[in-house]
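The structure appears right after this line, and notes come after that.
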């Protein structure tokens, strides 16, 4: 018997629970949580790719909210620092949701592209606030994303086994990134 009150938003919420628990997002995993058979989910979602888009859209919205809050009032290079720390903090608090935000979304879904564009736009705002000239901003955003994503990926995978303080290492990375972006700003 279908679970009472199950709808697209409810299915997405159950899917978020799956990724939050570190499980692979499958229709079977969501159906199990809903207490329904997999075919019952098709009344609410158009299959696994559509559900993954719904999950990614929700996660990108949440990540954008975290970025927006971190950047409020940030000036100069501090904007990049806050951005980097907000991304890492959110990723560590929500590793499954972080993973759901890491695909390319161009041409797949207008709402999803809008959520991704918001997050990317906030990153552009941060590097612009740090003084990076327009012609170098794409590179600066990519470098920032790559640095934070690489660090977070290693951290989540347990790749920092030395006893040294990982937070200090992240600050070191961010300090060097901010210095490099500052050099780009000064050289223009």
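For this structure, a couple of remarks:
- Mean Cα-pair separation over length for the range 65-115, i.e. relative contact order, pairs under 8 Å, 6 or more apart, %: 24 percent
- Relative contact order computed over the range 1-60 (Cα-Cα under 8 Å; 6+ residues apart), in percent: 38 percent
- Normalised by the number of residues in the chain, the mean separation of alpha-carbon contacts (under 8 Å, six or more apart) gives a relative contact order of 21 percent.
- From its DSSP helices (H runs of at least four residues, each -39,500 (n - 2.57)), the chain gives a residue-normalised ellipticity at 222 nm of -23000 deg cm²/dmol.
- FRET efficiency estimate (nearest 0.05) - Cβ-Cβ, residue 103 to residue 179, R0 25 angstrom: 0.25
- Debye-sum result for the range 54-127 in log10 I(q)/I(0), which assumes one identical scatterer on each alpha carbon, at q = 0.12, 0.17, 0.20, 0.27 Å⁻¹: -0.30, -0.59, -0.79, -1.23
- Globularity index of the range 1-45, i.e. its alpha-carbon radius of gyration over 2.2 N^0.38 Å: 1.01
- Span from the the range 123-172 Cα centroid across to the the range 1-59 one, whole angstrom: 32 Å
- Cβ-Cβ FRET estimate between residue 164 and residue 28, R0 fixed at 30 Å, reported to 0.05: 0.10
- Mean projection of the Cα convex hull over all viewing directions, computed for the chain: 12.0 nm².
- Sorting 52-62, 175-185 by their mean Cβ neighbour count within 10 Å, with the most densely packed peptide first, gives 52-62, 175-185.
Since every read-out is calculated from the coordinates, none of them should be taken as a lab result. Everything quoted here is computed from the prediction, not taken from an experiment. Every residue, glycine among them, receives a Cβ derived from its backbone with ideal geometry; neighbour counts consider all protein chains shown.
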